[in-house]
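As structure tokens, the structure follows; a few thoughts come after it.
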Amino acid sequence: MEYNYREIEKKWQNAWKDSGIYRVENNSDKPKYYVLDMFPYPSGAGLHVGHPLGYIASDIFARYKRLKGFNVLHPMGFDSFGLPAEQYAIETGQHPATTTEKNIDTFKSQLDKIGFSYDWSREIRTSDASYYRWTQWIFLQLFKSWYNHQTDKAEPLSTLIEEFKNNGSSNVKDIDSHFSAEEWNQFDNKQQQDILMQFRLAFSSYGEVNWCEALGTVLANDEVINGVSERGGHPVEKKKMRQWYLRITEYADRLLSGLDTVNFSEAIKEMQRNWIGKSEGAEMQFEVAGDEQEASSVSTEKIKVYTTRPDTIFGVDFLVLAPEHELVKTITTKDQQASINEYLTYVKSRSDRERQSEVKQITGCFTGAYALNPFDGRKIPIWIAEYVLIGYGTGAIMAVPCGDQRDFLFAKHFNIPITNIIGSHYNGEEANPTKDAILENSGFLNGILMKDAIGLALDKIVEKGIGRRKVNYRMRDAGFSRQRYWGEPFPIIWSDGIALPLDADELPLELPHVEKYGPGKEGEGPLSNLKEWVITPNGMRETSTMPGYAGSSWYFLRYMDPQNTETFADRKATDYWNQVDVYIGGTEHAVGHLLYSRLWTKVLFDLGYIGFEEPFKKLVNQGMIQGSSRFVYRVKDTNKLVSYGLKSDYDVTELHVDVNMVDGIELNIAEFKTWRNSEYADAEFILENGKYICGVETEKMSKSKFNTVNPDILVDKYGADTFRMYEMFLGPIEQSKPWDTKGIEGVHRFLKKLWRLFYDDVKGAIWTDEKATPAELKVLHKTIKKIEDDTERFSFNTSVSGFMVAVNELSDLKCHKREVLEALLILLTPYAPHISEELYHALGNKDSIISASFPKLESKYLIEAEKEYPISINGKMRTTITISLDATQDEIENIVLSHETIQKWVEGKTPKKIIYVKGKMVNVVV
RNA sequence: GCGCAUGUGGUGAAAUUGGUAGACACGUCAGACUUAGGAUCUGAUGCCGCAAGGUGUGGGGGUUCGAGUCCCUCCAUGCGCACCA
């Protein structure tokens, strides 16, 4: 009987579907375990071999945990709102809902073929009204909440209003203008609402946004890369628009400290820390000196700077303001006015893109004004320059050229004298940002190590009342609206400039149907063109929609209770399932999705809707599977193609060819000739050794590079079990690697070999009920230990090797004993569910192997009674000796020292020590 | 520039706490059975060498009886951030 994987896999996939065996209940005596994949965006291209890598890993782990006696939640769904579907709609006129639906069907059928154990009854789609109803609802909670710094958590706005009524704004910091309780009570509704808007966690404000003309939309900061859009690489410029934001900056500290409580890779944590960009330092004031020539302009202006290095205060040789700084107007002297105007014009003409890409260029302009060093009264010039950013810190810096390279280059470029406060640490050639120098020329800080001086200087600044300790973050509030159609509509109505939330029972606010997907006149979203929808008795509807990350920021909660119509998820369900135990996905979401999900979870926690504040306990990032592209070389202006090894003799252009037409590196010429409507049917080939050899390069997997490999083809050719195991066998899950189909045969061979332990081609079934021998049990228990250890630490590639070793050894032992084989099948289930189910039933079991339990390890079979140990003298291997395993250290020493060879080597000297190393080796040190 | 990660055969890679480096698989070579095989099985396979032997985990240095593993330093590759004061 042959291993007919096609039949077997189809049979069991249907059986599992019919019996609903993967359904998970929310109550169980078993401990819970939550294994989650990052749900996909259902793109039109379907799956390629890179997608399932993480899904296979999570499926293995989910199945493994199930065998281990856990109640496992392992759901799947679709992040189905987003830009590509809308772009496609604009191009083809098809409604995004239609194409999205179609794409999801393709994805699901592809996923089903691989044999995943998802509980499809919990499937969610972010574009379903029954789902985004709750996205809108959570948005309203954000809208109706503020961050109370006294209690250090989000609270309903009512507590803030209460505070204003009783005490005005005196206890509340970070507010534009202060007011008393009486004033608050006298404000009209609009004034009150405008103030409250400054506190809402989801708020609307006019702001500069990343406007992309080509996409007709506003992009989030992390969607803009080097001044161009992540998708499409279109230029991005600043534009003022009314936008929605999430006040994520309020959570900066907790998002940072929360990282210490989760098990993410150091790389991801670093990326998030970097994104949050916390720095501690001082904000301090410099007085602007009165100008002696113009006695009338004696200034009382003060310039606030932010610095992390207050210890360098005596090395300040000039101040620099951002060109957009508001004091530029007031402090510029008459003499410099013309130059300053010229410089400002220049800065305005530069796009963000230029400013970012031409970083090295040094530009700036002197204002004519001077500031006074608050410690020694030294007069220092005030400049403006584009290297100082208005958006960070105070938009002004104190420049210390001997310690900061940018300040140094600036000083050199404009011939500003440099004060050296770090002695020999500064060489005059470049700045030295050290903290290990002893300070010189530094007044009261002279002779003090810079590291220690930071604190002293801070204290002094506070004491003199010229500044304060200040923490700064690089992170900005997150833009939360798009001038787009295919997203969640905001449950907001504008009335006289006031944002009115819909009531919870008015949700969902469904996305209305539109005919055209073009933007409104002023760049608003397509919804603005639907007059009858926009105009309501209470006011005008908000016409922008929520961004892609809205729905994905909380979907892991919805899986816990997906059909609930009363709430986003019942508290009992979220308490039971709690945090996601393992979350598997790519690094591309390191700062975007992961940060927003953490934010939403923290807000829902603060407001008391859920009982945990970090969504993901452990994060595993699967590496990207890159494409391995193949090239042919066309001789310029001819229809001749030259083989790789001979291409240097010709002037050639490189062309991608479909990897599926190439066997290794040899082109299948016959197939190539029929490719793309026989475009190359008449091509001539210049061969080497009778073959056409292709060039090879590793690139991102993409259709346009013809290097995608469709999993369907591999599943069809080798079966899902082979495919699953091969993807795992490829290498460590977290490592990126190019796809290479070559080795798949080896894994397929392994499964056939396993099959032959059960069935003989001639004799048929050959398993027996005989008792297993110790040697056979040893193989089994060694494998149990290996699979358990490797699976627990996500080392799936070595697990697969472990199975191969086991099957090789059992074949050598001619072991066909049920006792051993049945246990082996259970171990194998997570990796190759179909074949193990088939053989498990063949052995006579009635129940599905999925509900079996993981074989118990009996460690006595792991240990041999005696073992041959290598013995080394002074680290050099000399001989071996057989020692019983329960021998004590003393006994071992006696046996070793009485050994003939050892005695000869030691030659009567007394050994200094005998090291008995972890049951592996004996070393004698003479 | 800063941060993080990774460097092991022809290839993908093992080696969990420092203990016989290269498990397992691909590829290659040889052989068996076959009319045939892109089926199956057996054996060999880090490198140099006929061999004995030598050598070997990116380079250099160090700790240790013993280093792929720990420390220092340099180099290379990948990813992330990038005028953040």
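The values are calculated or read from the model by the stated rules, or taken from the named source; none is laboratory data. Computed from a predicted structure; not experimentally measured. Quick reminder, even Gly has a Cβ in these numbers, built from the backbone with ideal geometry, and neighbours come from all protein chains shown. Accessible surface is based on the protein model in full, side chains and every heavy atom, while ligands, DNA and RNA are left aside. Shrake-Rupley method; radii C 1.70, N 1.55, O 1.52, S 1.80 Å.
Any idea which residue in the range A:257-273 is nearest to RNA strand B (Cβ to nearest atom), counting only those that are buried (at least 17 other Cβ atoms within 10 Å of the Cβ) and not in a helix (DSSP H, G or I)?
Restricting to residues being buried (at least 17 other Cβ atoms within 10 Å of the Cβ) and not in a helix (DSSP H, G or I), the top hit is A:Phe264.
Of all the residues that make up the range A:455-509, how many are under 29 Å from A:Ser552 (Cβ atoms), within 16 Å of RNA strand B (Cβ to nearest atom) and either charged (D, E, K, R) or open to solvent by 60 Å² or more (accessible area, probe 1.4 Å) (or both)?
Residues that pass the stated criteria total 3.
Out of the residues in the range A:61-107 that are in contact with a helix residue (DSSP H, G or I) (Cβ under 9 Å, 6 or more places away or on another chain) and among the acidic types (Asp, Glu), state the one that is least open to solvent (accessible area, probe 1.4 Å).
Filtering first and then ranking leaves A:Glu86.
Between a residue in the range A:659-673 that is more than 11 Å from A:Phe685 (Cβ to Cβ) and any residue that is at pLDDT below 75, which pairs come within a Cβ distance under 6 Å, given they are 6 or more apart or on different chains?
A:Glu666/A:Lys691
Return only the number of the condition from (1) open to solvent by 30 Å² or more (accessible area, probe 1.4 Å); (2) within 16 Å of RNA strand B (Cβ to nearest atom); (3) of a type in the set (Phe, Trp, Tyr); (4) within 30 Å of A:Asp59 (Cα to Cα) that A:Tyr644 does not satisfy.
Against the list (1) open to solvent by 30 Å² or more (accessible area, probe 1.4 Å); (2) within 16 Å of RNA strand B (Cβ to nearest atom); (3) of a type in the set (Phe, Trp, Tyr); (4) within 30 Å of A:Asp59 (Cα to Cα), A:Tyr644 comes up short only on (4).
Report, by residue number, each residue of the range A:548-575 that is assigned to a helix (DSSP H, G or I) and either touching a Lys or Arg at 6+ places or on another chain (Cβ under 6 Å) or of a type in the set (A, V, I, L, M, F, W, C) (or both).
Correct list: A:Ala550, A:Phe556, A:Leu557, A:Ala573.
Give the range A:345-368 a look and list any residue that's more than 32 Å from the chain's Cα centre (by Cα), among the hydrophobic types (A, V, I, L, M, F, W, C) and modelled with pLDDT under 90, or say none.
A:Val347, A:Ile362
Name the residue that is farthest from A:Ile248 (Cα to Cα), counting only residues in the range A:167-190 that are polar (S, T, N, Q) and under 41 Å from the mean Cα position of the chain (by Cα).
Start the filter on the range A:167-190 by keeping residues that are polar (S, T, N, Q), which leaves A:167, A:169-171, A:177, A:180, A:185-186, A:189.
Checking which are under 41 Å from the mean Cα position of the chain (by Cα) leaves us with A:169-171, A:177.
Numbers: A:Ser169: 22, A:Ser170: 24, A:Asn171: 22, A:Ser177: 22 Å.
Ranking the candidates gives A:Ser170 first.
Report yes if A:Lys30 is open to solvent by 10 Å² or more (accessible area, probe 1.4 Å), in contact with a Phe, Trp or Tyr (Cβ under 8 Å, 6 or more places away or on another chain), charged (D, E, K, R) and closer than 15 Å to A:Trp577 by Cβ, otherwise no.
Details: open to solvent by 10 Å² or more (accessible area, probe 1.4 Å): yes; in contact with a Phe, Trp or Tyr (Cβ under 8 Å, 6 or more places away or on another chain): yes; charged (D, E, K, R): yes; closer than 15 Å to A:Trp577 by Cβ: yes.
It is true that A:Lys30 is open to solvent by 10 Å² or more (accessible area, probe 1.4 Å), in contact with a Phe, Trp or Tyr (Cβ under 8 Å, 6 or more places away or on another chain), charged (D, E, K, R) and closer than 15 Å to A:Trp577 by Cβ.
Using the structure shown, decide if A:Asn707 is within 35 Å of the chain's Cα centre (by Cα), surrounded by 15 or more Cβ atoms within 10 Å (Cβ to Cβ), within 30 Å of A:Thr587 (Cα to Cα) and near RNA strand B (Cβ under 7 Å from one of its atoms).
No: the conditions fail for A:Asn707.
Residue-by-condition table, conditions (1) more than 18 Å from A:Met1 (Cα to Cα); (2) modelled with pLDDT under 90; (3) among the charged types (D, E, K, R):
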position	(1), (2), (3)
A:Gly719	no, no, no
A:Phe729	yes, no, no
A:Val747	yes, no, no
A:Lys753	no, no, yes
A:Leu757	no, no, no
A:Ala775	yes, yes, no
A:Val779	yes, no, no
A:Thr783	yes, no, no
A:Ile787	yes, no, no
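Can you say whether A:Tyr861 is within 16 Å of RNA strand B (Cβ to nearest atom), at pLDDT 95 or above and either surrounded by 14 or more Cβ atoms within 10 Å (Cβ to Cβ) or on the phi < 0 side of the Ramachandran plot (or both), as far as the supplied structure shows?
Details: within 16 Å of RNA strand B (Cβ to nearest atom): yes; at pLDDT 95 or above: no; either surrounded by 14 or more Cβ atoms within 10 Å (Cβ to Cβ) or on the phi < 0 side of the Ramachandran plot (or both): yes.
Judged against the criteria, A:Tyr861 is not a match.
Which ones in the range A:721-754 are in contact with a Phe, Trp or Tyr (Cβ under 6 Å, 6 or more places away or on another chain) and near RNA strand B (Cβ under 10 Å from one of its atoms)?
First, the residues of the range A:721-754 that are in contact with a Phe, Trp or Tyr (Cβ under 6 Å, 6 or more places away or on another chain): A:725, A:728, A:733, A:744, A:747-748, A:752.
Matches in the range A:721-754: A:Ile733, A:Ile744, A:Val747, A:His748, A:Lys752.
Every residue in the range A:301-318 that is within 12 Å of RNA strand B (Cβ to nearest atom), surrounded by fewer than 22 Cβ atoms within 10 Å (Cβ to Cβ) and outside any strand (DSSP E or B), please.
Result: A:Thr308, A:Arg309.
Across the range A:427-454, which residue is least open to solvent (accessible area, probe 1.4 Å) among those that are β-branched (Val, Ile, Thr) and assigned to a loop (DSSP other than H, G, I, E, B)?
It comes out as A:Thr434.
For every residue, the table says whether it meets (1) in contact (Cβ under 8 Å) with a residue 24 or more places away in the chain; (2) farther than 27 Å from A:Tyr609 by Cβ; (3) charged (D, E, K, R); (4) surrounded by fewer than 19 Cβ atoms within 10 Å (Cβ to Cβ).
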site	(1), (2), (3), (4)
A:Thr135	yes, no, no, no
A:Leu142	yes, no, no, no
A:Thr151	no, no, no, yes
A:Asn166	no, yes, no, yes
A:Asn185	no, yes, no, yes
A:Gln191	no, yes, no, yes
A:Ser204	yes, no, no, no
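Being without any contact (Cβ under 8 Å) to a residue 60 or more places away in the chain and open to solvent by 10 Å² or more (accessible area, probe 1.4 Å), is that true of even one residue in the range A:575-592?
Scanning the range A:575-592 turns up at least one residue that is without any contact (Cβ under 8 Å) to a residue 60 or more places away in the chain and open to solvent by 10 Å² or more (accessible area, probe 1.4 Å).
Go over the candidates A:Arg242, A:Arg254 one by one and state the one that is at pLDDT 85 or above, open to solvent by 80 Å² or more (accessible area, probe 1.4 Å) and away from RNA strand B (no atom under 15 Å from the Cβ).
Working: A:Arg254 fails: open to solvent by 80 Å² or more (accessible area, probe 1.4 Å).
The match here is A:Arg242.
Does the range A:369-411 hold any residues that are more than 14 Å from RNA strand B (Cβ to nearest atom) and open to solvent by 50 Å² or more (accessible area, probe 1.4 Å), and which are they? Show your work before the answer.
Kept after step one, since they are more than 14 Å from RNA strand B (Cβ to nearest atom), are these residues of the range A:369-411: A:369-382.
Listed by number, the residues that qualify are A:Tyr370, A:Leu372, A:Asp376, A:Arg378, A:Lys379.
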